[in-house]
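The values are calculated or read from the model by the stated rules, or taken from the named source; none is laboratory data. Quantities reported herein were computed from a predicted structural model and do not represent experimental measurements. Cβ placement follows ideal geometry from the backbone for every residue including glycine, while neighbour counts extend to all protein chains displayed.
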Amino acid sequence: MLHVFIVVLIVGILLALGFGLLGLVRGGSKGSDEMFRSLVIRVAVSLFLFAALMLAAYMGWIEPNVVVMDAPISK
């Protein structure tokens with residue numbers, strides 16, 4: 001369930017990025033307003049995603065991958 005939530009947030013960030021691109025292409029005052037709104041949404045969702053990932057790691061809902069650098073090489 002948490003993985004779906006993370007993917008939905010990433011898709012939301014990408015959609016906001018796309019709307020910002022449309023505002024850039026449109027130009028003018030209206031395009032500038034759309035770009036600014038898109039930037040605010042993108043930053044807010046990104047910060048929320050970061051906080052959610054930190055909370056999930058703290059609560060033990062997700063675990064980082066463990067890479068052992070000194071593992072023996074088997075031939």
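So here's what we get for this one:
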{"quantity": "Flag for residue 12 being part of a helix (DSSP H, G or I) and either at pLDDT below 90 or on the phi > 0 side of the Ramachandran plot (or both)", "calculated": "no"}
{"quantity": "Members of region 44-63 that are more than 16 Å from residue 4 (Cβ to Cβ) and over 17 Å from the mean Cα position of the chain (by Cα)", "calculated": "58, 59, 60, 63"}
{"quantity": "Test for residue 43: is it closer than 28 Å to residue 62 by Cα and out of contact with any strand residue (DSSP E or B) (no Cβ under 8 Å at 6 or more places or on another chain)", "calculated": "yes"}
{"quantity": "Pair list, Cβ under 8 Å, 6 or more apart: region 37-60 residue without any contact (Cβ under 8 Å) to a residue 40 or more places away in the chain, other residue surrounded by fewer than 15 Cβ atoms within 10 Å (Cβ to Cβ) and not in a helix (DSSP H, G or I)", "calculated": "57/63; 57/64"}
{"quantity": "Some residue of region 22-32 being of a type in the set (Val, Ile, Thr) and assigned to a helix (DSSP H, G or I)", "calculated": "yes"}
{"quantity": "Residues that are closer than 19 Å to residue 52 by Cα and loosely packed, with under 13 Cβ neighbours inside 10 Å, drawn from region 11-25", "calculated": "11, 14"}
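Results for (1) of a type in the set (A, V, I, L, M, F, W, C); (2) surrounded by fewer than 10 Cβ atoms within 10 Å (Cβ to Cβ); (3) at pLDDT 90 or above, shown as yes or no for each residue.
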{"position": "27", "(1), (2), (3)": "no, no, no"}
{"position": "37", "(1), (2), (3)": "no, no, yes"}
{"position": "40", "(1), (2), (3)": "yes, no, yes"}
{"position": "43", "(1), (2), (3)": "yes, no, yes"}
{"position": "48", "(1), (2), (3)": "yes, no, yes"}
{"position": "51", "(1), (2), (3)": "yes, no, yes"}
{"position": "61", "(1), (2), (3)": "yes, no, no"}
{"position": "65", "(1), (2), (3)": "no, yes, no"}
